[in-house]
Amino acid sequence: MPAMTELEIDGSTLEGGGQVLRCCLSLAWLHEAPVRIHSIRAGRPKPGLANQHLAGAQLTATLSGVQLEGDTKGSTELLASPGAPGVGPGPCSLVADAQTAGAATLILQAALPPLLMRGSAATELLLRGGTDVNFSPPTAHATMVLAPLLARFGARLDVEVARRGFNPQGGGELRVTAGLLGERLRAVDLSERGDVREVR
């Protein structure tokens with residue numbers, strides 16, 4: 001079997017934040033080839049993996065069966081590789097803890113692609129961190145925007161706030177259940193905005 005070509009991603013692309021990392025974790029899984037991300041969060045005052053990014057990366061790896069190297073706090077380089085043959089995704093009930101006010105919604109965002117692709121059997125997550133913190137989507141976005149949109153694609157996402165968490169203490173908890181409603185996602189046409197139904 002020929003060696004898989006390693007993809008190299010510059011984590012300082014555009015604003016140099018955590019979004020590059022979150023996208024690349026699923027890229028490694030979908031591409032079924034090693035992905036090396038360097039200069040992680042180079043555009044931030046404190047570059048490298050913070051607690052939230054680390055928790056999201058490790059949760060995503062567990063869900064998808066991807067193996068990580070360099071997954072330590074402060075690391076500016078991470079290698080995500082396909083798991084060994086026969087190594088499948090992790091268990092259906094998992095906990096991820098930022099241990100800070102790091103956004104639980106961004107941990108969810110990192111894990112969402114493999115979370116939804118585990119088939120129709122729903123997976124339960126307990127995500128700990130900040131539920132409503134600066135520069136991150138609040139929990140209301142997940143429940144009122146993201147979940148209804150995913151339902152149109154044929155995916156279930158239930159997010160329950162067990163406890164609110166704010167800056168700087170964190171301590172919030174989200175209980176998440178997610179999975180496909182059918183055998184696969186379906187295409188959705190979102191090219192038309194539609195008429196305004198109400199303003200409040």
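Rounded to the nearest 20 debye, what is the charge dipole size of the chain about its Cα centre when +1 sits on each Lys and Arg Cβ and -1 on each Asp and Glu Cβ? Here the chain has a charge dipole of around 440 debye. The separation of segment 22-83 from segment 173-198, counted between C-alpha centres, amounts to 26 Å. Exposure proxy for 53, 141: other Cβ atoms within 10 Å of each Cβ, ordered fewest to most, give 141, 53.
GNM on the chain, C-alpha springs below 10 Å: top fluctuator among 137, 47, 168? Of 137, 47, 168, the most mobile in the Gaussian network model is 168.
Of 78, 149, 68, the residue with the greatest mean-square motion in the GNM of the chain, using alpha carbon springs below 10 Å, is 149. For the chain, modelled as a GNM whose springs connect Cα atoms under 10 angstrom apart, the maximal fluctuation among 70, 130, 165 occurs at 70. Computed from the C-alpha gyration tensor, the three semi-axes of the ellipsoid equivalent to segment 1-79 are 20, 14, 10 Å, from longest to shortest. Compactness of segment 91-186, taken as the C-alpha radius of gyration over 2.2 N^0.38 Å, stands at 1.03.
First select every other residue whose beta carbon is under 12 angstrom from the beta carbon of residue 103; then total the charges, Lys and Arg +1, Asp and Glu -1. If you can, show how the numbers build up before the last one.
Details: positive: 22, 128; negative: 132.
Summing Lys and Arg as +1 and Asp and Glu as -1 gives +1.
Taking every pair of alpha-carbon atoms in segment 146-200, give the share separated by more than 19 Å as a whole percent. Everything past 19 Å amounts to 53 percent. Debye calculation, C-alpha points only, no solvent: report log10 I(q)/I(0) for the chain at q = 0.08, 0.10, 0.11, 0.14 Å⁻¹, in the same order as the q values. Here the Debye-derived log intensity ratios amount to -0.27, -0.43, -0.52, -0.84.
The numbers here are math on the coordinates, done by the rules we state, and not lab data. For clarity, every value in this text was computed on a predicted model and none was experimentally measured. Glycine also receives a Cβ, built like all others from the backbone with ideal geometry; neighbour counts cover every protein chain displayed.
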